[in-house]
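For reference, the structure is listed below as structure tokens.
Just so it is clear, none of the values below were taken in a lab; they were calculated from the coordinates. Not measured: the values here are computed from a predicted model. Cβ coordinates were reconstructed from backbone atoms using ideal geometry, including for glycine residues, and neighbour counts include every protein chain displayed.
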Amino acid sequence: MQLIIALFTAPGPDPPDAERLRVLILDAAVPEDGLEHVFAQQRPHRVDAVLFLASPTTADARAAALRLCLRALRAPALSGWRLAECAPGKVLPPQQPDSADH
């Protein structure tokens, strides 16, 4: 499974709706995309989406995520939105507790 981060920017002063974007990404997905999960978080004037794709390589996952995100942007509800970035993400290892915390 590969992790891709997509940053979407929203037009206008109203805060973007992360859940709406997440649902539209799911609706735009086709089996060939290999989308397993999508998580979206609202930020000021943008939504960060994390896509988990069943792809053999990071390059394949990025290409699939890019196609999927551009397909989702065709939805009338996303008029004026744009894809600012679509890049591989990193899964960080669990943080070890600091010995001072004990």
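For the chain, the relative contact order works out to 39 percent when only alpha carbon pairs closer than 8 Å and six or more residues apart are counted.
Restricting attention to segment 1-92, which GluC sites (Glu not before Pro) occupy a DSSP loop and are surrounded by at most 12 other Cβ atoms within 10 Å? Please list the in-between numbers first.
Numbers: sites: GLU19, GLU32, GLU36, GLU85; in loops: none.
Nothing satisfies the criteria.
The candidate values were (1) 45; (2) 42; (3) 56; the one computed from these coordinates for percent of Cα pairs over 19 Å apart carries the label (2). Between GLN42 and ASP60, full extension at 0.36 nm per residue minus the direct alpha carbon distance yields a gain of 3.8 nm.
From the helices alone, meaning DSSP H stretches of at least four residues, give me the mean residue ellipticity at 222 nm for the chain, per-run term -39500 (n - 2.57), in deg cm²/dmol to the nearest 500. Please report the intermediate quantities before stating the final value.
Details: 2 runs with 26 residues, N = 102.
One gets -8000 deg cm²/dmol as the mean residue ellipticity at 222 nm.
Comparing ASP60, ASP14, ASP27 in a Gaussian network model of the chain, where Cα atoms under 10 Å apart are tied by springs, the biggest mean-square fluctuation is seen for ASP14. Loop-located trypsin sites (Lys or Arg not before Pro) in segment 14-98 (DSSP state not H, G, I, E or B) with no more than 16 neighbouring Cβ atoms inside 10 Å: ARG74, LYS90.
For ALA77 and ILE5, a Förster radius of 35 Å and the Cβ-Cβ distance give a FRET efficiency of 0.95, rounded to the nearest 0.05. The charge dipole of segment 2-89, taken about its Cα centre with unit charges on the Cβ of Lys, Arg, Asp and Glu (plus for the first two, minus for the last two), comes to roughly 220 debye. Taking θ as phi - 60° and the Karplus parameters 6.51, -1.76 and 1.60, the scalar couplings of segment 71-84 work out to 5, 4, 5, 6, 5, x, 5, 9, 4, x, 6, 9, 8, 7 Hz in sequence order, x denoting glycine and proline.
Across segment 1-40, the residues whose backbone nitrogen lies under 15 Å from the label position 7 Å along the beta-carbon direction of ARG67 are 28-36.
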